[in-house]
Amino acid sequence: MAKLVRQSQWDAQVAQSIHHDKILVQNLEVVVNAGKDVWGRPKKQRALVSVTLILGKQFTSASSTDSVDDSTVHYGTLSKAIQAHFQDDKLAWLSTAALSDTVLQCVRGVTGSTAIYAIETNVCYLKGSMFGDGAGHITSTIGDSNVRSNVLYLRNVRIPCIIGVNSNERLQKQPVVLNVWVDKVSDARADDYAALEALLFNLISESSYQTIESLLAWLIEELKQKFFTREEDQDAWIRLRIEKPLAVPFADAPAVEITRPVRSSQD
């Protein structure tokens, strides 16, 4: 049974290890019969799959001989294996958590005799968000210790609201950009990104705060009371970031970020 930890703990364990050489495949486009659409329906949809392999040994022999040997992994072979798996039209629908595990198994099937220390997979549904740039699920595993992290995210959700201390900002709604990460998310909640976005949109669009700090603190409490109420949610952590693209003329956007546990008694 894998030990579920926060992403920051997983990152720290990897950083403190002696393993630093990586092979990456970024934003590989596939069509998957997995996840749900923005109306919560199980649907076939387009996804971007990213994979990071942290090698168990340095790829010294591959670099010294200028060839692909078992000290590394051929990224082309890895990409083709993932795409080939999902080209099977007979595949049954998968939950998002099961999809992440399927990608992980595809990766392990390609690595062969190459020593792998850790694997991170990121599945992003481009149409998984009604008002943003996508919804996704990140799974990170460390082989020897069986340590795992799961993160559900919403990317760049644009929501109009009354926010700001200046008099002109109290007269008209302005867009804010919301990013959400749910750390230590349970597999059972991995397909709830559309419902989470809908709640956040309704809360923010009807709010009227002067500071982003107050808005974020209120949102955390609302999510605890209205969304993350199940027993399997109690070890999760919520990370929210809000940006105001129009607030500073000579910057892309100021931003404020908050991270809180669902269970208030956590450290």
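Structure notes:
- Residue check: Trp93 meets all listed conditions (1) in contact with a Pro (Cβ under 8 Å, 6 or more places away or on another chain); (2) closer than 26 Å to Arg239 by Cβ but one, namely (2).
- Residue check, Ser113 touching a residue at least 60 places away in the same chain (Cβ under 8 Å), of a type outside the set (A, V, I, L, M, F, W, C) and surrounded by fewer than 18 Cβ atoms within 10 Å (Cβ to Cβ): no
- For segment 174-189, a residue qualifies if it is buried (at least 21 other Cβ atoms within 10 Å of the Cβ), in a strand (DSSP E or B) and of a type outside the set (A, V, I, L, M, F, W, C), and exactly one does: Asp183.
- Among the candidates Ile54, Ile82, Ile23, residue that is touching a strand residue (DSSP E or B) at 6+ places or on another chain (Cβ under 9 Å), under 23 Å from Val151 (Cβ atoms), in a helix (DSSP H, G or I) and at pLDDT 95 or above: Ile82
- Among the residues of segment 29-43, those identified as of a type in the set (D, E, K, R), touching a residue at least 12 places away in the same chain (Cβ under 8 Å) and surrounded by 14 or more Cβ atoms within 10 Å (Cβ to Cβ) are Lys36, Asp37.
- The residues of segment 190-221 that are among the acidic types (Asp, Glu) and surrounded by 15 or more Cβ atoms within 10 Å (Cβ to Cβ), listed by number, are Asp191, Asp192, Glu197.
- Some residue of segment 107-121 being of a type in the set (Lys, Arg) and either part of a loop (DSSP other than H, G, I, E, B) or at pLDDT 95 or above (or both): no
- Qualifying residue in segment 160-173 (condition: touching a Cys at 6+ places or on another chain (Cβ under 6 Å), touching a residue at least 24 places away in the same chain (Cβ under 8 Å) and surrounded by fewer than 21 Cβ atoms within 10 Å (Cβ to Cβ)): yes
- Residue ID - nearest to the chain's Cα centre (by Cα), chosen from residues in segment 225-245 that are part of a helix (DSSP H, G or I), in contact (Cβ under 8 Å) with a residue 24 or more places away in the chain and surrounded by fewer than 19 Cβ atoms within 10 Å (Cβ to Cβ): Glu232
- Complete set of residues in segment 56-73 that are more than 30 Å from Gly35 (Cβ to Cβ), crowded, with 17+ Cβ neighbours inside 10 Å and among the hydrophobic types (A, V, I, L, M, F, W, C): Phe59, Ala62
The values are calculated or read from the model by the stated rules, or taken from the named source; none is laboratory data. Predicted model, so just to flag it, every value in this text is computed and none were measured. Please note: Cβ atoms are built from the backbone with ideal geometry, for glycine as well, and neighbour counts cover all protein chains shown.
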